[in-house]
Amino acid sequence: MTHAHIPRRWYENAVFYQILVGVFNDTEGRGIGTLKGIAEKLDYLQWLGIDCLWLSPFYASPLRDDGYDIADYRAVHPDYGTMEDFEDLIAAVHARGMKLITDLALNHTSMDHHWFQESRKDPHGRYGDYYVWGDDPHRYPEIRIIFTDAETSNWSFDEVRGQYYFHRFYKEQPDLNYDNPDVHEEVLSLIDFWMDKGLDGFRLDAIPYLYERDGLGGESLPETLEFIEKLRAHMDKHYPDAFMVAEANQPPAETREYFGDGDRVHMVFNFPLMPRLYQAIATSQASPIVEIMPELLHLPAGAQWGNFLRNHDELTLEMVTEIERDLLYSAFLPDDSMRAHLGIARRLAPLMDNDRAKIELMFALMFGLPGAPFLYYGEEFGMHDDSSLQDRDAVRTPMQWEPGPGAGFTTSDTPKRPIVGGEGISVAEQRHDPHSLLRFTRSLIAARKAHPELGIGNYEAIEVAEPALLAITRTLKVEDRVIASDPLSSAPLVCLYNFAPHPLAIPPQALANLSGIGRVEIGSVEAGTEIRSGDVIPAFGFFWLTAQ
Ligand code: NOJ
């Protein structure tokens, strides 16, 4: 068989890092993170091994939804700095060979956006049809309410216009009307505005929800997918190196729709996999992962999953069954104050009971299963959360650079959100400690980079009789073995993950692809250790093994 060599795109094996601008690093002493503050921390991010930064919204906004309510797509929120600061940040990121993507909420705007202000005042004017207006607040009854904690309807009455407007999220976030071609033009033009500044791509927020149709649930409609194709064609034509990652929190088969035939988005967040990683930990069974994987393989060329454990939202459990949700609640929701909507607003480390082995196991899965990994700021050193804060603010507290009152985040006494703190939980405390979680994360990133097959290679589950053991062989695909004479490029990497709370003896089948002996590349014992069948993998331990 011959394999056409399709060059790999940069994002397919990149390591991503999500930053909430307002809580990352304050350079002005006002308690609010700034764009300049991010530029100051590029050294750290590069040291860690990050390839691409994702900035959550930093546009002009009343911040009713932490910036996902955009009031002006072309302006930087003054709290975070200026447009010049943003341009300087792109230049600084690129100077280090790193990339930068931003978040774009295209489904809705803030009520404060001038389009909405005009639309409500003048139904027949230029913006009259920019939003989804109607006289019947019971239209589209099939469309679910997403922010169940705050909203009881997707319609709100606007006194000015004397009509209802439709909103998937908070009432302060009216949905744009994609049946209006002018809205398409606006979107393409604001994309050009940012891309022309040299950006490397976008995260497409809430992208399944662009259209509504009677009798349907209003998610992933053909019209929405068609618009995404239009967006992709525009990007390919004007910015062929850039990429888009879709936030499409949908059932697995539907999630794949967002790749199309490689003509929709380049990357989709791996919502099908994410809850299964938690399920495996909660049940000490590998099966939740083994069972979903076949549905996630064989993507079109250039398409990739964005793997993640946590982000700025709750741990979303909308797409699991009720039984699975109850199981996850009983494992990870000890107190109802930690619930947000249908999910759980906690960070990774507390979700794992701050158990180092479990945290490392989860990281090893995120970095070791097919896809590109996304770290959420602070996750790399086990930051805690604050469940006394409302909604998802619990997981959006300031980055902990140092111990002490301002955590090295700010010199102000009144940070944007309270600092959580915790002994030993900061960059400064962990950076020089070779045994710290931070140093582990950095080594894991390095190991992942040394093995591109983890992101883009073949995936083959190894059958083992032990239900708590996940055993996988990864090999580089033939078309990616650039140096044909290099025997390493076709050597298998065997990954073992133990979900049991006790050590397990490694069965012989697990090491068959390594002729019975593996060498630990990274894992729960020292690198270089030889592993043979019958040897033990620790409780919640993992090994990435190469041949001797
Ligand atoms: C998904 C974002 O991740 C979330 O934070 C936001 O509230 C909604 N979309 C609405 O934009």
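Taking the criterion of being free of Cβ contacts under 8 Å to residues at least 24 places away in the same chain and either in a loop (DSSP other than H, G, I, E, B) or open to solvent by less than 20 Å² (accessible area, probe 1.4 Å) (or both), the residues of the stretch 320-334 that qualify are T321, L333, P334. Out of T102, T109, T148, one residue alone is among the polar types (S, T, N, Q) and open to solvent by 40 Å² or more (accessible area, probe 1.4 Å). It is T148. Considering every residue within the stretch 182-202, establish whether at least one is of a type in the set (A, V, I, L, M, F, W, C), at pLDDT 95 or above, surrounded by fewer than 17 Cβ atoms within 10 Å (Cβ to Cβ) and not assigned by the TED database to the domain that holds L231. Taking every residue of the stretch 182-202 in turn, none turns out to be of a type in the set (A, V, I, L, M, F, W, C), at pLDDT 95 or above, surrounded by fewer than 17 Cβ atoms within 10 Å (Cβ to Cβ) and not assigned by the TED database to the domain that holds L231. Among the residues making up the stretch 88-109, those that are part of a helix (DSSP H, G or I) and either within 14 Å of the ligand (Cβ to nearest atom) or among the hydrophobic types (A, V, I, L, M, F, W, C) (or both) are L89, I90, A91, A92, V93, A95. Which of the residues that make up the stretch 322-350 are within 13 Å of A394 (Cα to Cα) and among the aliphatic types (A, V, I, L, M)? Result: M338, A340, I344, A345, L348. For the stretch 1-20: of the residues being at pLDDT 95 or above and of a type in the set (S, T, Y), which is nearest to the chain's Cα centre (by Cα)? Checked the stretch 1-20; the qualifying residue nearest to the chain's Cα centre (by Cα) is Y17. Residues in the stretch 200-208: is at least one out of contact with any Ser or Thr (no Cβ under 6 Å at 6 or more places or on another chain), away from the ligand (no atom under 16 Å from the Cβ), under 16 Å from K237 (Cβ atoms) and not small (G, A, S)? No, the stretch 200-208 has no match at all.
Only one of the numbered conditions (1) closer than 15 Å to I90 by Cα; (2) within 16 Å of the ligand (Cβ to nearest atom) is not met by L63, and that is (1).
For the stretch 152-179, the set of residues classified as within 16 Å of the ligand (Cβ to nearest atom) and either open to solvent by 50 Å² or more (accessible area, probe 1.4 Å) or assigned to a loop (DSSP other than H, G, I, E, B) (or both) consists of N154, H167, R168, F169, Y170, K171, E172, Q173, P174, Y178, listed by residue number. Of all the numbered requirements in (1) open to solvent by less than 50 Å² (accessible area, probe 1.4 Å); (2) touching a helix residue (DSSP H, G or I) at 6+ places or on another chain (Cβ under 9 Å); (3) assigned by the TED database to the domain that holds H184; (4) aromatic (F, W, Y), Y68 misses one, and that requirement is (2).
If you go through the stretch 116-145 and keep only what is away from the ligand (no atom under 16 Å from the Cβ), buried (at least 21 other Cβ atoms within 10 Å of the Cβ) and not in a loop (DSSP other than H, G, I, E, B), you end up with S119, R120.
If you check E460, E466, E479 for being out of contact with any strand residue (DSSP E or B) (no Cβ under 8 Å at 6 or more places or on another chain), charged (D, E, K, R) and outside the structural domain of L296 (by the TED database), only one passes: E479. Return a yes/no flag: does the stretch 492-505 have any residue that is open to solvent by less than 50 Å² (accessible area, probe 1.4 Å), in a loop (DSSP other than H, G, I, E, B) and closer than 27 Å to E12 by Cα. Yes: one or more hits. Touching a residue at least 24 places away in the same chain (Cβ under 8 Å), open to solvent by 10 Å² or more (accessible area, probe 1.4 Å), more than 30 Å from R439 (Cβ to Cβ) and outside any helix (DSSP H, G or I) - does that describe any residue in the stretch 344-361? For the stretch 344-361, residues touching a residue at least 24 places away in the same chain (Cβ under 8 Å), open to solvent by 10 Å² or more (accessible area, probe 1.4 Å), more than 30 Å from R439 (Cβ to Cβ) and outside any helix (DSSP H, G or I): absent.
All of (1) modelled with pLDDT under 95; (2) under 19 Å from R448 (Cα atoms) hold for C495 with one exception: (1).
Of D112, D85, D149, D182, all but one fail to be more than 16 Å from the ligand (Cβ to nearest atom) and in contact with a strand residue (DSSP E or B) (Cβ under 9 Å, 6 or more places away or on another chain); the exception is D85. Applying the criterion of being surrounded by fewer than 24 Cβ atoms within 10 Å (Cβ to Cβ) and part of a helix (DSSP H, G or I) to the residues of the stretch 21-45, the residue that is nearest to the chain's Cα centre (by Cα) is L45. Scanning the stretch 384-421 for residues that are of a type outside the set (S, T, Y), more than 23 Å from E40 (Cβ to Cβ) and open to solvent by 40 Å² or more (accessible area, probe 1.4 Å) returns H384, Q390, D391, D393. Number of residues in the stretch 431-448 that are open to solvent by 50 Å² or more (accessible area, probe 1.4 Å) and either over 19 Å from the mean Cα position of the chain (by Cα) or at positive phi (or both) equals 8.
Among the candidates I359, I344, the residue that is modelled with pLDDT of 95 or more and either in the same structural domain as R144 (by the TED database) or in contact with an Asp or Glu (Cβ under 7 Å, 6 or more places away or on another chain) (or both) is uniquely I344.
The values are calculated or read from the model by the stated rules, or taken from the named source; none is laboratory data. In this text, all values refer to a predicted model and were calculated from it rather than measured experimentally. In this analysis, Cβ positions are derived from the backbone assuming ideal geometry, glycine residues included, and neighbour counts consider all displayed protein chains. Note: accessible area is taken over every heavy atom of the protein model, side chains too, but ligands, DNA and RNA are not part of it. Shrake-Rupley method; radii C 1.70, N 1.55, O 1.52, S 1.80 Å.
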